[in-house]
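First up is the structure itself, then whatever we jot down about it.
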Amino acid sequence: MNTAESQEVKHFLLQSHDQYRELAERHHALDDRLHELTEKHHLSDDEQVEETTIKKRKLALKDRMEQIVVEWARHHLASTS
């Protein structure tokens with residue numbers, strides 16, 4: 001699957017796949033919070049821990065989203081080829 005196909009699948013899943021959409025929304029919310037933290041000049045110890053935790057959660061969400069894309073593509077694109 002090339003980049004264009006991957007983007008099409010992701011767009012489709014955002015519209016039609018509840019779990020994928022929920023994961024994307026959570027990822028976006030974490031990204032917003034991470035942006036808030038990175039704009040600060042100094043982070044407290046708790047904020048540093050939060051920043052690290054957010055980065056790990058975002059990565060886990062992104063990994064799961066990619067897994068959904070690959071599984072969906074394998075099932076749907078293979079049957080149309």
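The values are calculated or read from the model by the stated rules, or taken from the named source; none is laboratory data. Note that the structure is a prediction, hence the values are computed from the model and not measured. Using ideal geometry, Cβ is built from the backbone for each residue, glycine included, and neighbour counts are taken over all protein chains shown. Note: areas computed on protein heavy atoms with side chains; ligands, DNA, RNA excluded. Shrake-Rupley method; radii C 1.70, N 1.55, O 1.52, S 1.80 Å.
The requirement of being modelled with pLDDT of 95 or more and under 13 Å from the mean Cα position of the chain (by Cα) is fulfilled somewhere in the range 32-46, by at least one residue. A single member of Q7, Q48 is under 17 Å from H76 (Cα atoms), open to solvent by 60 Å² or more (accessible area, probe 1.4 Å) and not hydrophobic (A, V, I, L, M, F, W, C), and it is Q7.
Can you find a residue in the range 58-65 that is exposed (fewer than 15 other Cβ atoms within 10 Å of the Cβ), assigned to a helix (DSSP H, G or I), small (G, A, S) and at pLDDT 95 or above? Yes, the range 58-65 contains at least one residue that is exposed (fewer than 15 other Cβ atoms within 10 Å of the Cβ), assigned to a helix (DSSP H, G or I), small (G, A, S) and at pLDDT 95 or above.
One residue stands out in the range 16-36 among those that are out of contact with any helix residue (DSSP H, G or I) (no Cβ under 8 Å at 6 or more places or on another chain) and open to solvent by 90 Å² or more (accessible area, probe 1.4 Å): the one that is farthest from E66 (Cα to Cα), namely E36. For the range 1-51, a residue qualifies if it is free of Cβ contacts under 8 Å to residues at least 24 places away in the same chain, of a type outside the set (S, T, N, Q) and assigned to a loop (DSSP other than H, G, I, E, B), and the qualifying residues are E39, K40, H41, H42, L43.
E39 meets all of the listed conditions (1) in contact with a helix residue (DSSP H, G or I) (Cβ under 9 Å, 6 or more places away or on another chain); (2) among the charged types (D, E, K, R); (3) open to solvent by 90 Å² or more (accessible area, probe 1.4 Å) but one, namely (1).
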